[in-house]
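Each remark here refers to the structure printed beneath this line.
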Amino acid sequence: MKYLLIIGCILISTLFFSCEDYLEKPISSDITVDSVFNSAIRTEQFLWNVYSTASIYEFNHFWSSSDPRFYHYGASGSLVSVATDELEVEGTYPAIPRYFHTGTWNAATIDPGSWGLEFMSHITYQGIRNANIFMENVDKSPFSENEKNSMKAEARFLRALMHFDLMQRLGGISIVDHVLSVSSIDDVEGVKIPRSTYAQTVDFIVSECEEAAKYLPNVYEDTKYLGRIVKGAALALKARVLLYAASPLFNDPEGKTYVPVNDPVLRELIGYPTYDPNRWQLAVEANKAVLDWAANESGWCQLYTGFDNPVDRYEEIFINHTCPEVILSAGLMQNAGGYFCLFMLPGQIIPQGQNNPSNHAITFNFTKFYQKSDGTDQVWNEEEGVAYPYSQYQRKLGELEPRFQASVFQSGTEWSRGSGTVYHFYETNTLQLKDIRGVGFMRKFVKGVTPNSPAPRWITFRLAEFYLNYAEALNEVNGNPGEIEWAVNQVRRRVDMPDVKFTNQNEMRQIIRRERAVEFAFEQHRYFDLRRWKTASEEGVMKGKIYTLKLYDTKPEPTYKLEQISSRVWEDKMYLYPFRQQEVDLGYIIQNPGW
Amino acid sequence: MKENNMNRLATFIVFLIISAGMHAADPDSTLLNISFGKQEAELSTSSVSEVKGDDLRKSHVATLSNTFFGRFSGMTTLQTDGEPGYDEATIYLRGPHSMRSNSFIILVDGFETDGFNQLTAEEIESVTYLKDAAALAVHGISGANGALLITTKRGSLTGKKLKISFKARYGVQTPTHLPRFENAYNYARLYNEGLENDGMAPLYSESDLAGYQSGTDPYAYPDVNWYDEMLSKTSDLQDYTLSFSGGNKFSRYYVMAGYMGSNGLYAHTDGKNNSNISFQRINFRANVDIDVSSNLSFALNLGGRIEDRKFPNTGTATLWQNMATYAPNLYPVRTPQGQITGTANYPDNPIGSLLEEGYGSRHSRNVQAIVTAKYLLPFITDGLAVFGGVALSSNYMSGYNKTKSYAYYEPVKTLSQVGEDSLYYIRRGTDTDLTVSTGNDGETSRTGVHAGVEYETRSDLHNLNLQMMFKQDAYSIFGQQSVFAKQNWLGRFGYAYDRKYLAELSFSYSGTDNYKKGQRFGLFPALSLGWILSNEDFIPKTDKVNFLKIRGSAGLLGNDNGAERFAYNQYWGTASRQGYNQGYFFGTGVTFQDALVQLALADPNFTWEKAMLYNVGIDALFFNRRLSLTTDLYLENRYDILVNVANTMPSFSGVDFSSMQNKGKTRNQGFEVSARYADKVGDVNYFAGLGGSMSRTKIVASYETPRKEEARYTQGRPLGQRFGLEAIGFFRDETDIENNPLQTFSNVRPGDLKYKDQNGDGIIDVNDEVAIGNPNIPEISYSANVGISWKGFDLEFLFDGNTNRSVYLSGYMFWPFINDYNISKWTTERRWTPETADRAAAPRLGVQANANNYRSSDFWVRDISLLRLRNAEIGWTYQGGALQRAKIEKCRVYLSALNLFTLDNLDADVDPETLSAGYPTLKTFSLGVTLDF
């Protein structure tokens, strides 16, 4: 009878024959590393991922975006320019007024990923990792050698751009030029890369741009690839990096630091310890190279000169996606109906019913930079708190130059030109235009936008920058005055503004800086320009009182008054950002001074 | 193949025992449920706690876990919600164990199941809580967090041939607590105070305030208490069960059907166009045992239930929040014409949400069927048997919703030319018809198989039992690519010598599909020993000590819960952002290019959590078995807990998203004591039971984000420890503010919280946070159960409570006026004003979320201890007489009360368990009757 027992045992054991099969993961459509780089389509898709995580795009975003990878693109609810004297916003979402205006940002809050300031270094490093993964694996892909080199150069450029993104805020940074192995906790000690000096970081980015430029095409024939990296972008990044590196914040004529620094190691991390005028010369050459590339090599890149009316011409740069002036730009993740764009629109004009508009509004401080169309200054003799007639407001603003008309939507004009609908902001209506805090609403980028139209593109590099970069650098090396004038006037003539004349280096410097403010209003240039010029701390710039012209619905005629709208906190340590506390606590990062 | 070796081993052992030629087991002893069988209680070396279903039924609740309060020693039970159909208790078995998952396995009649909350207590014979390594080892890879065994009732041959029992119970429920909010006048007055404190102009004029105070114009000056508008005084809960059991020589059966119905607290609903919350359930069970021959028997268990839930379309949490927070002067409930009001910013008038939006419903159908067979092999040797079984269970869920939207009317107040107020209403939204939609369908199913061999024999000196078995289990969720599969080879060898010295070795060789091939299985052994001192000759046989056993166990267990699926694989794929695939736009339009992304970083060595469990215990009976005592002391070292080590990596590694590795460690220590004394004096029977337990879990290794200050690490501190600033009072005035360190969260004003500069760096920021209070899960639980009966009358009380717990008071109950929400009376009474500066117990009012005051600090943390009378019951049983003639053997009527009162030390206007102004915990008064035929 024992056989029955044996049968029983055998019965049991038969259940296990398929042991491993029973616990085997079913075949699925999972993608592994080999199946990514074996395939041309997937290799390309991974390159798009490098683009998507790179910091090309800087428009504002919606604060509650659940994916933190949004955050290193621009700030929450407003453009970064709101931190400077250019713009002022309202509403509960924007992070910039809450943290930058009040000076309540620090190493613990700079980029923990929850509150939407404009910078998250750890996310940028994810983008760098993606670029490194791509560069190390693209050789396995079935593309031709030329294609591989060109694609690798794209990733190389994006990696350099992200390093620049970090450097312009932090100074010298940890350079990551390969995929760091962190598959085990035991690897961590080995990847604690210290900060490179500022000089080393500049050299790295410059040489990477030079390397990428060797392989990048001048143009992509297929227009569907608008937005891909061309050779000009690599030259442009190099030119901008060298201009920044030559500027006073990093290359002070007297070797002074923005706050006292005693530690010689730290001194080298935040800039060049000693002045070298030749850095300006390098900037001159690099910027001239961009202009030369555009004129001689690109076959397409030039200052935009369409339309008869200079207002339309200037506006067109920011709304025409194929404008030949743009060297690199990025499309929005959503169409214009998404929150990203809505935040930039005035009140509730488009679309109606939009809650919590940020109402980007130009400040009076910045309005003063605009000349009249004849090239002379507007007379601003208003006294604070005194009422002046509305007609005077309209006249004075109406006289300002074309770039003001194109960039600002002021009271008493149409939002959509030719529509016949004129808005007076002092009037009470449901569009919330009355809530405006500045002189007029921002029109640049969003002119003509409807909720269904493609969103505007963020312009990373456009050719006008390199004329003014060139002029600025050339002026610093006491270059040919005629050449300096030429470069500035190229930009002014494009909007039918009269030429400027060189008198002396100091005055020319002020002219160029003012031209830069006006030409690149709201494009995030000024936020960094003010830092590298070390002028952010001047009263009414990023510090102190910000004014507006406020409208009142008085009888018999509406009036306006000069009023203060905000007060900005600035401390000199803010010339460079702090590293986030979490990184410093790991013990391999030297914190920037003052934080 | 490894398993073949295991087979050989098993066969060898079986034959070894057979050749020893022992005698068959004596079945006459108290039996304890163990995993996959029963064991003589006296000879057990495990730590378990068992409660009869009939005791659990005494708590009149809909959900089974809510009957557990105070019943099991070493179980922490927390009530977090009172919403009918969604009020499961949160349960920790010996406290929390891991930073990841603390969920444990539940077996119904020997097979794993995923839902036990909707079984009715009536169909349950007992619930057994397995605590130590000896009891849990056979569950191997899934056993470390503890286990509950639920055994359902079966027919028996003792007593009458056919027993019929009918039970009915009806209960009336009221909230244990509703928070108190301010009326319109106080709201407006205090709102002005908040504005003034924030440096802004008042919103409400003197005439507005007068209007609110007089209350003569409810439309211009509304004053709405949404609780009064929305709620009935009571809700109800009822249940009925009918059961039959009995059998004959060849078969035994237990058959039961039950109905439970419960309604929510909302008033005015009609059940057609809108609905109160309601939860109805039908449970049925048929358990049949058949002896085919003297050696072969079958058992069939069929259990099932139907659950139907209804609720308003606005989520319960939102609805209760709106009731609590909408300002009393926001709008009247309806316009003078009876239309629902609402504003653009506050469109969700609670009455509109309840009555005008239709309702949602969920229906689920659950069946579990188990067939097992046992074949005795006396022709080989007595006590030897093979057995096997199959279990199938299926849970199907579906939804049916009626939805509509409605027009609501926004009141607009204007000042006319002559300066008089005029009030008119703007229509917003539109009325639509009810539309019906179905959806939310889903199905889960489980298939379990097990088979094994067991042997038990007993002689004068030796008592041996062993069990070897294999089981496997597959759980599938509709819509998921792969099933969750587990396999387990398990065994248990128990030996007792002379009923004095006990030893048991048990093991599990188990694995799951979630790990890499070759790393799927682990061996989990446990050894336990016992010594029955009372059977030793040196202990005199008196009535004083009837039984005394010391036992100890040690073993290794695993926990595979709480891990990502197949995390050893490095995945690449498309990832979405806010519903938009990740990618990039090229081209002039919005030509989107999908991007391929490297997903979360894989860990090729990814494995399960492991726990070394140690337990020592004493079981004793004293004074002629009147006093019983059980106590246990335990220690658990848990390791290989998944933690995100990316926290400790430099950010430029670029893997910030997460990198989970088995590096975390915890240490859990505790003890349990339970004692019960029962006696009889004349006609009076009485008993008193006391239980207490303590459990503390510390984080030993956590790999957390680096901190500037040592005081901010969770490592070395209890699991569930809160961190925050230490509040040292309120700022008196501007001078006080100037003389203290700068607080960096916002500009402070007099009446704001002042914090201690812990690190002495002259500024107050997050680096000044320290551990504050106790963990958020109570470390100590206690219970008392007393009863007395006299002739037909009986009276019983069950208390339970807990302590060593801290809670964090946050949100709209405590932080007024954020989003213009209402202010609670609690805040009004405690707020800081210059006049009350010396006695204030809440910061000054403000109308914004105050970044300084409303952040984690010990000001908002409370140590809480509570004692709740969970259950009180008085009953009367009548037998014979008239009943006899009606063929009724016995009749019992009783009154019971659930959550009758609570003693706690929390100075907050919330229920001390749920801590929120959401759906409240309920107090239930019930009348019940039991008829036995």
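The values are calculated or read from the model by the stated rules, or taken from the named source; none is laboratory data. This is a predicted model, so every value here is computed, not measured. Counting neighbours? That spans all protein chains shown, and the Cβs are built from the backbone with ideal geometry, glycine included.
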Report task. For A:Y552, work out the one condition from (1) surrounded by fewer than 17 Cβ atoms within 10 Å (Cβ to Cβ); (2) more than 30 Å from A:F425 (Cα to Cα); (3) over 24 Å from the mean Cα position of the chain (by Cα); (4) at pLDDT 90 or above it doesn't fulfil. Result -> (2)
Query raised in the report: Pick from B:D382, B:D308, B:D291: which is among the charged types (D, E, K, R) and within 14 Å of chain A (Cβ to nearest Cβ)?
Result: B:D382
**Report entry** Exclusive hit being out of contact with any Gly (no Cβ under 8 Å at 6 or more places or on another chain) and closer than 30 Å to A:G190 by Cβ, set A:G482, A:G587, A:G544
**Finding:** A:G587
Requested in this report: Within region B:217-231, identify whether any single residue is surrounded by 15 or more Cβ atoms within 10 Å (Cβ to Cβ), in contact with a Lys or Arg (Cβ under 8 Å, 6 or more places away or on another chain) and not basic (K, R), and answer yes or no.
Outcome: yes
Query - Filter result for B:G846 (among the small types (G, A, S) and out of contact with any Asp or Glu (no Cβ under 8 Å at 6 or more places or on another chain)) - result: no
Query raised in the report: Of the conditions (1) within 18 Å of B:W815 (Cα to Cα); (2) crowded, with 21+ Cβ neighbours inside 10 Å, B:T914 fails just one. Which one is it?
Result: (2)
Query raised in the report: List, please: which pairs have Cβ atoms under 7 Å, are six or more places apart or on different chains, and start with a residue in region B:509-535 that is without any contact (Cβ under 8 Å) to a residue 12 or more places away in the chain and facing chain A (nearest Cβ under 9 Å) and end with one that is among the small types (G, A, S) and in a strand (DSSP E or B)?
Result: B:R520/B:G511
Report summary line: When every residue in region B:293-335 that is of a type in the set (G, A, S) and touching a residue at least 40 places away in the same chain (Cβ under 8 Å) is compared, the one farthest from B:G215 (Cα to Cα) is B:S294
Requested in this report: Kindly establish whether A:Q582 is assigned to a helix (DSSP H, G or I), closer than 30 Å to B:T705 by Cα and within 14 Å of chain B (Cβ to nearest Cβ).
Outcome: yes
Query raised in the report: Would you call B:D270 of a type in the set (D, E, K, R), more than 22 Å from B:T113 (Cβ to Cβ) and under 34 Å from the mean Cα position of the chain (by Cα)?
Result: yes
Report summary line: Within region B:260-270, the residues that are surrounded by fewer than 18 Cβ atoms within 10 Å (Cβ to Cβ) and in contact (Cβ under 8 Å) with a residue 24 or more places away in the chain are B:A267, B:H268
Report summary line: Condition set in a strand (DSSP E or B) and of a type in the set (V, I, T), scope region B:343-398, selection nearest to the chain's Cα centre (by Cα): answer is B:V367
Query raised in the report: What are the residue pairs meeting all of these: first residue in region B:732-750, first residue touching a residue at least 40 places away in the same chain (Cβ under 8 Å), second residue surrounded by 16 or more Cβ atoms within 10 Å (Cβ to Cβ) and aromatic (F, W, Y), Cβ atoms under 7 Å, and 6 or more apart or on different chains?
Result: B:Q743/B:Y755; B:V748/B:F731; B:P750/B:F731
**Report entry** Wholly enclosed strands (runs of 3 or more DSSP E) of region B:659-772 bearing at least 1 residues out of contact with any Ser or Thr (no Cβ under 6 Å at 6 or more places or on another chain), among the β-branched types (V, I, T) and away from chain A (no Cβ under 14 Å)
**Finding:** B:660-681, B:684-701, B:727-730, B:770-772
Query raised in the report: Among the numbered criteria (1) touching a residue at least 24 places away in the same chain (Cβ under 8 Å); (2) at negative phi, which single criterion is violated by A:G227?
Result: (2)
Query - Residue among B:Y878, B:Y854 that is in a loop (DSSP other than H, G, I, E, B) and either within 22 Å of B:L203 (Cβ to Cβ) or hydroxyl-bearing (S, T, Y) (or both) - result: B:Y854
Query raised in the report: touching a Phe, Trp or Tyr at 6+ places or on another chain (Cβ under 6 Å) and surrounded by 16 or more Cβ atoms within 10 Å (Cβ to Cβ): does that describe B:Y253?
Result: no
Query raised in the report: If the Cβ limit is 9 Å and pairs must be 6+ apart or interchain, which residue in region B:93-116 that is in contact (Cβ under 8 Å) with a residue 12 or more places away in the chain pairs with which residue that is part of a loop (DSSP other than H, G, I, E, B) and among the basic types (K, R)?
Result: B:L93/B:K131; B:R94/B:K131
Query raised in the report: Where in region B:163-230 are the helices (runs of 4 or more DSSP H), entirely inside, with at least 2 residues that are of a type outside the set (D, E, K, R) and farther than 20 Å from B:T827 by Cβ?
Result: B:206-214
Query raised in the report: Within region B:133-184, restricting attention to residues that are closer than 29 Å to B:Q368 by Cβ and out of contact with any strand residue (DSSP E or B) (no Cβ under 8 Å at 6 or more places or on another chain), which residue is modelled with the lowest pLDDT?
Result: B:G159
Query - Which listed residue is in contact with a Pro (Cβ under 9 Å, 6 or more places away or on another chain) and within 30 Å of A:I590 (Cα to Cα), from B:N647, B:N668 - result: B:N647
Query raised in the report: Pairs under 6 Å by beta carbon, first residue within 9 Å of chain B (Cβ to nearest Cβ) and part of a helix (DSSP H, G or I) in region A:116-136, partner crowded, with 24+ Cβ neighbours inside 10 Å and among the basic types (K, R), six or more apart or different chains?
Result: A:I128/A:R159
Requested in this report: Assess whether B:F547 counts as being of a type outside the set (V, I, T), assigned to a strand (DSSP E or B), at the interface with another protein chain (Cβ under 10 Å from one of its Cβ atoms) and more than 34 Å from the chain's Cα centre (by Cα).
Outcome: no
Requested in this report: Test B:L149 against the criterion of being touching a residue at least 60 places away in the same chain (Cβ under 8 Å), among the aliphatic types (A, V, I, L, M), buried (at least 17 other Cβ atoms within 10 Å of the Cβ) and in a strand (DSSP E or B), and give yes or no.
Outcome: yes
Query raised in the report: A:L303 fails exactly one of the following numbered conditions: (1) crowded, with 22+ Cβ neighbours inside 10 Å; (2) of a type in the set (A, V, I, L, M, F, W, C); (3) part of a loop (DSSP other than H, G, I, E, B); (4) modelled with pLDDT of 95 or more. What is the number of that condition?
Result: (1)
Query raised in the report: Among the residues of region A:251-268, is any part of a helix (DSSP H, G or I) and surrounded by 23 or more Cβ atoms within 10 Å (Cβ to Cβ)?
Result: no
Query - Count of region A:194-238 residues which are under 23 Å from the mean Cα position of the chain (by Cα), among the polar types (S, T, N, Q) and crowded, with 19+ Cβ neighbours inside 10 Å - result: 1
Requested in this report: Would you confirm whether any residue within region B:591-612 is touching a Pro at 6+ places or on another chain (Cβ under 6 Å), within 30 Å of A:P456 (Cβ to Cβ), surrounded by fewer than 18 Cβ atoms within 10 Å (Cβ to Cβ) and not aromatic (F, W, Y)?
Outcome: no
